[in-house]
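The values are calculated or read from the model by the stated rules, or taken from the named source; none is laboratory data. Everything numeric in this text was worked out from a predicted model, so none of it was measured. Every residue, glycine as well, gets a Cβ built from its backbone with ideal geometry; the counts of neighbours run over all protein chains shown. Just so you know, the surface numbers come from the protein's heavy atoms only, side chains and all, with ligands and any DNA or RNA stripped out. Shrake-Rupley method; radii C 1.70, N 1.55, O 1.52, S 1.80 Å.
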Amino acid sequence: MQQFRQGERRHLFAAYQDGRPGLFFLEPGAARMERDFTKEHLRCAVASCETPELTTAGPSTRRHSFRHLHAPNLNHSPESEFHIAAKGIIERWAAGQDATVEARLEQDPDGTRQRRADVLVTWPDGSQLAFEPQYSDLSMSNWQERHDWYADHEIPDVWLFGHGGKQLRTSGEGGLVKLSPVQLAAARTRPVLWINPDQELIATIDVTDTKHWDGKEPLRGRLRLIPVGECTLTRAGPEHPEITRCHSQVLALIEQAESPAPVEVPVPANFDWVDTASILANATPVRQQRAWDTGIRQSPPGAPAKTWQRPAAPAATTREKNSCQLAYEWASTWEARDVARMAGQVWLDSDQGHEVIAMIGSAVANTVLPPVLPLPTHLWQSFLYANFVLTCPPGARIDVDAAAAAVLQQFAGQVLPRTCDLDPDLVRREVGYWFQHAAGTLVRRLGPYVFTRK
């Protein structure tokens, strides 16, 4: 954690004087080679800088960087400098991941000038991904407004919180970090990520040691550091096995905290040789019912007081599990979710996946909580979206049972290897979950609608 929070405010990126898009990155050891080019073509990346002229500085013991030509000791606020560096690192990384994508800074995704993404990645088929490095303070209402805007425009938004200041809060307990309300809200759809542009590191929260979380206190965990260069660019954001594992654990704790608390049923006491006549004398009906529930039986009228001995519990029997039970056991594990999601991502990157996304857009909601189906996640969810969402008029009634039957018919015999059967009950349950998970997107697209069942 201490390693991640450290970082020098070196100027590694500069803007172009002629206003062309993008930032210029100064490679290590290139100060002398790029000095003349810097003075002639580059300027400070902070747009409001009053002395934007730059040169390069290259001491032998430190990382080469840019420096203000007429004010060598001028430093802008840490947030603005780190924010610019983070944008430059992400733009450079995304462009280097896939030669077919376009990564641009400060881009307007829809041409209306309502929102400018810090870094906007665009695929050849028109799919977009927005990156938002965030060092300054951010209120819940502000984040929700920006997040909803991206959701309305079917653009996944990846928030990269700053490695210092207000966006990385420590709990003072053995180097743990704690999530802010904004970060916890963001975690419901995407992994919580921090960035250190100086060290080119991404971090996420690892809650392996947190066995229970009640949802009242901030969620705490340790930072898991990952070099930016080891992450893979996907249409949902940066992907790495550690990011996937840590996010799965965070989602499990959120689900645990939001699940209704189990009702504790007290185990009946052993009432062997209890005098029922003395206990039930003058008892009200409520008390009689309570006595019955706890194992006390009332004697017939006129009969002498008796005692009642609690019968022994029947011996446990072992039954062979049917295919439905086996399917539910597999589908309710976090390993199942990862297998299905990874297979879905492979399909999404295939030629068939590209054709489907080009047809229906990139608004397919990805269910993140088990149980799941033993199919590539994006594949069957794209099928539902194309056949039961895009074809529905506003205010339509969506028949969940009909949708489940269509999935069973469409994907019969196509389950993933070493998973489970495509059980009808499991399919109905998961299809219903998916429609509920996608409710926000569906309402924005269709207007009010309802689910029906036969």
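Determine, yes or no, whether residue 130 is under 26 Å from residue 10 (Cα atoms), touching a helix residue (DSSP H, G or I) at 6+ places or on another chain (Cβ under 7 Å) and either open to solvent by 10 Å² or more (accessible area, probe 1.4 Å) or at pLDDT 90 or above (or both).
It is true that residue 130 is under 26 Å from residue 10 (Cα atoms), touching a helix residue (DSSP H, G or I) at 6+ places or on another chain (Cβ under 7 Å) and either open to solvent by 10 Å² or more (accessible area, probe 1.4 Å) or at pLDDT 90 or above (or both).
Among (1) in a strand (DSSP E or B); (2) surrounded by 15 or more Cβ atoms within 10 Å (Cβ to Cβ); (3) not polar (S, T, N, Q), there is one condition residue 106 misses while meeting the rest; what is its number?
(2)
Quick check, is residue 144 loosely packed, with under 15 Cβ neighbours inside 10 Å, touching a residue at least 40 places away in the same chain (Cβ under 8 Å) and not in a strand (DSSP E or B)?
Here the answer is yes, as residue 144 does meet what is asked.
With the structure loaded, tell me whether residue 64 is modelled with pLDDT under 75, under 40 Å from the mean Cα position of the chain (by Cα) and open to solvent by less than 40 Å² (accessible area, probe 1.4 Å) or whether it fails that test.
When the stated conditions are applied, residue 64 does not pass them.
Suppose the filter is touching a Pro at 6+ places or on another chain (Cβ under 8 Å), assigned to a loop (DSSP other than H, G, I, E, B), open to solvent by 20 Å² or more (accessible area, probe 1.4 Å) and more than 28 Å from residue 235 (Cβ to Cβ); does residue 115 pass it?
no
Report every pair of residues separated by at least 6 positions or lying on different chains whose Cβ atoms are under 8 Å apart, first residue within region 206-224 and under 15 Å from residue 251 (Cβ atoms), second in a loop (DSSP other than H, G, I, E, B) and open to solvent by 20 Å² or more (accessible area, probe 1.4 Å).
Going by the 8 Å Cβ cut-off, the qualifying pairs are 207/213; 219/210; 219/213; 221/176; 221/208; 221/209; 221/210.
Condition check ((1) exposed (fewer than 15 other Cβ atoms within 10 Å of the Cβ); (2) at pLDDT 75 or above; (3) under 16 Å from the mean Cα position of the chain (by Cα)) across all residues:
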site	(1), (2), (3)
341	no, yes, yes
351	yes, yes, no
367	no, no, yes
375	no, yes, no
382	no, yes, no
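What are the pairs, 6+ residues apart or on separate chains, where a residue within region 3-23 that is at pLDDT 80 or above has its Cβ under 7 Å from a residue that is of a type in the set (D, E, K, R) and open to solvent by 40 Å² or more (accessible area, probe 1.4 Å)?
Filtered contacts from region 3-23: 14/43; 15/43; 17/43.
Name the residues in region 185-197 that are farther than 17 Å from residue 230 by Cβ and either assigned to a loop (DSSP other than H, G, I, E, B) or without any contact (Cβ under 8 Å) to a residue 60 or more places away in the chain (or both), would you?
185, 186, 188, 189, 190, 192
Out of region 147-187, which residues are of a type in the set (Phe, Trp, Tyr), over 22 Å from residue 258 (Cβ atoms) and open to solvent by less than 20 Å² (accessible area, probe 1.4 Å)?
Result: 150, 161.
Would you mind stating whether residue 203 is hydrophobic (A, V, I, L, M, F, W, C), open to solvent by less than 40 Å² (accessible area, probe 1.4 Å) and assigned to a strand (DSSP E or B)?
yes
When region 133-148 is examined, which residues are found to be aromatic (Phe, Trp, Tyr) and either at pLDDT below 90 or in contact with a His (Cβ under 9 Å, 6 or more places away or on another chain) (or both)?
Answer for region 133-148, where residues must be aromatic (Phe, Trp, Tyr) and either at pLDDT below 90 or in contact with a His (Cβ under 9 Å, 6 or more places away or on another chain) (or both): just 135.
Test of understanding: among 86, 30, which residue is open to solvent by less than 20 Å² (accessible area, probe 1.4 Å), touching a residue at least 60 places away in the same chain (Cβ under 8 Å) and not in a strand (DSSP E or B)?
Step by step, each of 86, 30 is checked, and only 86 is open to solvent by less than 20 Å² (accessible area, probe 1.4 Å), touching a residue at least 60 places away in the same chain (Cβ under 8 Å) and not in a strand (DSSP E or B).
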